[in-house]
Amino acid sequence: MTEQRIYIHGVVLNEETRCTLADLCRLCGVHAEMIHEMVEEGIITPEGPSSREWFFTGIAIKRVQTAIRLQRDLRVNLPGCALALDLLDELEELRRLARCR
Amino acid sequence: MEYKDYYKILGIPRDATQDQIKQAYRKVARKFHPDVSKEFNAEAKFKDAGEAYEVLKDPEKRTAYDKFGANWREGQHFEPPPNWDAGFEFRGAGYTGGDSGGFSDFFESLFGHGQTGRQRTHVFRMRGEDQHAKIVIPLADAYWGARQTITLTRPVVDTDGHVRTSPHTLHVVIPQGIIEGQRIRLEGQGLPGYGGSPAGDLYLEVAFQEDRLFHAEKRDIHLTLPITPWEAALGATLTVPTLGGHVQLKIPPGAQGGKKLRLKGKGLCSANHRGDQIVTLQIVVPEAKTEEQRSLYRAMAEKMPFNPRSGLET
């Protein structure tokens, strides 16, 4: 008998992936207070009129997860995480431009 | 089992002070943190540094480790002598913190007892950890969508309570129109949970293989198309490759080198997004090898007076 392969479909996380505050907390394993602090620090920017109706994109998921690892592994505080994330984005863009040369 | 030279990993002498150890660890951790570093094997180096620090920051563990002597070399075959840790108080204490999931067999056999024993005696419930990995795919797979089999290394706890790494194979669908840097989340495919709790998630970050012809910028695919001067001057319809196969491209008369032409919808397209192929013209001038060919160029110079440097005059 041949082996039956089951291919798993994932969800692509991009600018259009929408998740609520509760989803974001569950995906990143943090409390809502932490997300509020990250929003205040400008690490992520929610859309929606009030925090009850906030939603976030797939990009926010990545930023929160990276910020958590930077906090845990390198003891970077939140303003430091915000700075590191912005610099990492800029570095990524510069690397991309350098590759196109 | 291979000996690990924790001092060498942190780049410090064996008589380093506790402060020097802390500083060296922080420096190495910043340099090789997987979120920050593009160094080759950054993740492994980051884990090694964490393991080295776990031992050297604790004076008891450090003294025990130092007992093996300074003559061991990184990677050398090593078995700890029996009762090597007699008289030290860390036996059974396991880890003091940090992400111990990926520590080496060397660490495990010296300092790793006890931790999982503790887990077994308590009713311990915890969601599995998320796992992050990078997959490198050919551009064609992103264009068409694909099915891929990937193998990840993950830590597993065996029946003795020791942590080992074992390969884990998964078959995944690469969705059509995925672009570089995007992540695919596979729910429940991360590390297993404890005590009946659910597994973590697996995040795959997509990178593209270097391609001989094409390169991708977000959704657009770029191609440089070499053309002759007469194709540029007179216009032509040329066959050009795209990720989806060959198409005909019309070059307008009087095209200059560097001109960009857009093939709509021939980039990386998904359900909601369209990418184009951008073709950059590169005029290649044929070398005049014979007298007849040289006279053709001379005739052109005579009949088509033209100064491409008029803009440079001051």
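Structure summary
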read-out	value
Region B:134-148 - phi-based ³J(HN,Hα) in whole Hz, Karplus 6.51/-1.76/1.60, Gly and Pro as x	10, 10, 10, 10, x, 4, 4, 5, 6, 5, 8, x, 7, 10, 9
All-pairs alpha carbon distance profile, the protein assembly as shown, 20 Å steps from 0, percent	20, 43, 25, 11, 2
Likely footprinting exposure, A:Leu91, B:Leu223, fewest C-beta neighbours within 10 Å first	A:Leu91, B:Leu223
D_trans [Stokes-Einstein, Kirkwood Rh over alpha-carbon pairs] for region B:11-69, 25 °C, 0.890 mPa s, µm² s⁻¹	205 µm²/s
Cα-centre dipole for the protein assembly as shown with unit charges at Cβ (Lys and Arg positive, Asp and Glu negative), debye to 20	900 debye
Per-residue average of Cβ from other chains inside 10 Å of B:263-274	1
Cα-based equivalent ellipsoid of chain A: semi-axis lengths in Å, sorted from largest, via gyration tensor	26, 22, 15
Virtual spin-label span in nm between B:Glu287 and A:Leu97, 7 Å along Cα→Cβ	3.7 nm
Shielding by partners, peptide B:178-187 (average Cβ within 10 angstrom, other chains)	5
Under the Debye formula (equal points on every Cα, no solvent term), log10 I(q)/I(0) of region B:246-314 at q = 0.12 Å⁻¹	-0.59
Projected label distance in nm at B:Asn307 and A:Leu87, using a 7 Å step from Cα toward the beta-carbon	5.2 nm
Efficiency of FRET between A:Arg72 and B:Val156 - r from beta-carbon atoms, R0 25 angstrom, step 0.05	0.65
Relative contact order (%) - criterion: Cα under 8 Å, at least six apart; region: region B:172-230	29 percent
Peptide A:61-71 - average C-beta neighbours from other chains (10 Å radius)	3
Least to most buried among B:Phe40, B:Phe111 (fewest other Cβ within 10 Å first)	B:Phe40, B:Phe111
Förster-model FRET efficiency, 45 Å R0, A:Arg26 and B:Asp15, C-beta, rounded to 0.05	0.40
Table column - 3J(HN,Hα) (Hz), region B:289-299, Karplus curve with 6.51, -1.76, 1.60, x for Gly and Pro	9, 10, 4, 4, 5, 4, 5, 4, 4, 5, 5
Cα-centred dipole magnitude for region B:202-314, charges only on beta-carbon of K, R (+1) and D, E (-1), debye, nearest 20	360 debye
Sequence of A:Trp54, B:Trp230 once ranked by neighbouring C-beta atoms within 10 Å, starting from the fewest	B:Trp230, A:Trp54
Size of electric dipole in region B:131-208: Cβ of Lys, Arg +1 and of Asp, Glu -1, about Cα centre, debye, nearest 20	60 debye
Dipole of the protein assembly as shown, positive end: most advanced residue of B:Ser270, B:Gly193, A:Leu21 [Cβ charges, Cα centre]	B:Ser270
Karplus 3J(HN,Hα) series, Hz, for region B:184-197 with 6.51 cos²θ - 1.76 cosθ + 1.60 (x for Gly, Pro)	10, 9, 10, 5, x, 9, x, 6, x, x, 9, x, x, 7
Among B:Ala207, B:Ala133, B:Met300 - extreme Cα towards positive end, dipole of the protein assembly as shown, charges at beta-carbon	B:Met300
Computed label-point distance, nm, for sites B:Arg26 and B:Gln176 using a 7 Å Cα→Cβ extension	5.3 nm
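Read-outs: derived from the displayed coordinates by stated rules, not from any lab. Everything numeric in this text was worked out from a predicted model, so none of it was measured. Don't worry about glycine lacking a Cβ; one is built from the backbone with ideal geometry, like all the others, and counts go over all protein chains shown.
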